[in-house]
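Data block below; observations after.
The values are calculated or read from the model by the stated rules, or taken from the named source; none is laboratory data. Quick caveat: nothing in here was measured; it's all calculated off a predicted structure. Every residue, glycine as well, gets a Cβ built from its backbone with ideal geometry; the counts of neighbours run over all protein chains shown.
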Amino acid sequence: MHRLVKGILARCSQDLARCVHEHNQRDQARAQFDDAFAEFKRRAPPVAPRFIMAPEDIVPCMADQTATTAFEPHYLYHPAWAARVLRQLTPAVHVDISSSLHFCTLVSAFIPVRFYDFRPARLHLPGLTCASADLTRLAFPDNSIASLSCMHVIEHIGLGRYGDPFDYDGDLRAAAELTRVLAPAGSLLMVVPVGKPKIAFNAHRIYSHDMVLKMFAGLTLVEFSLIPDDALTAGMMVNATAAQADAQSFGCGCFWFRKP
């Protein structure tokens, strides 16, 4: 019991120290902002300034003065990878199931895109059509889609995160549907987290490289690229290996499959 109490007190002490440190940092940042605001106001024209600049309109942005521009590597690199593959393929029409809206909207400027989601997006752009779809029961005929993508999606199917029903094997049903509707010689761009296999409920699943190949056993792997854990410094690994994928904690595996 004494050891337990000692541990609780130690954690409380650590939490208190962290809170004090964060409070001091906020105070310091606010003081720096106030100084910057006062200096900027001094530099405004003394007569007929072009803009109103009132204290009630300030929006403090105190964490953006960084040496480099920050970004989330999973959701920056994988759409960039997919767009480059589509540039090679130049399909007449591309069908996407629930991938990044940024990807679909940008690609639709160059290639007509039909976008489907369990929660349909209310987007209105030339070259883009949006509708609803259940990835475990797609309404498309067999062998009907020549160019298809489903990126950072199937790891969520069946976990209930987006209002879908619980289904432990929902990802397998989704993979089977994607394989079914893909046309012969058609391409599927598929992205999932890779590393040590596990379910992080209710966020996502993480797959080994071999698990993904087994889910899409009816297709041929054309290219595998990897966004590793250290992608902020290492970048994207084109033509990565299975061992490199499986060594990640939360990597991003980009699989280009083709149907024989």
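So the values come out like this:
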| item | result |
| --- | --- |
| Among the candidates Ile157, Ile145, residue that is hydrophobic (A, V, I, L, M, F, W, C), under 21 Å from Val194 (Cα atoms) and modelled with pLDDT of 95 or more | Ile157 |
| Evaluation of Cys150 against (1) in a loop (DSSP other than H, G, I, E, B); (2) closer than 21 Å to Gly186 by Cα; (3) within 17 Å of the chain's Cα centre (by Cα) (one fails), failing number | (1) |
| Whichever residue in the range 166-192 is among the small types (Gly, Ala, Ser) and either outside any strand (DSSP E or B) or under 18 Å from the mean Cα position of the chain (by Cα) (or both) and, among such residues, is surrounded by the fewest Cβ atoms within 10 Å (Cβ to Cβ) | Ala176 |
| Lone qualifier among Gly218, Gly163 - being in contact with a helix residue (DSSP H, G or I) (Cβ under 8 Å, 6 or more places away or on another chain) and either among the hydroxyl-bearing types (Ser, Thr, Tyr) or not in a strand (DSSP E or B) (or both) | Gly218 |
| Pairs where the first residue, in the range 217-233, is on the phi < 0 side of the Ramachandran plot and the second is part of a strand (DSSP E or B) and basic (Lys, Arg), C-beta under 7 Å, 6+ apart | Leu219/Arg258; Thr220/Arg258; Val222/Arg258 |
| The range 193-207: number of residues that are outside any loop (DSSP other than H, G, I, E, B) and either free of Cβ contacts under 8 Å to residues at least 24 places away in the same chain or not β-branched (Val, Ile, Thr) (or both) | 6 |
| Set Pro46, Pro91, Pro120: member being outside the structural domain of Ser149 (by TED's automatic domain parsing) and either of a type in the set (Val, Ile, Thr) or part of a loop (DSSP other than H, G, I, E, B) (or both) | Pro46 |
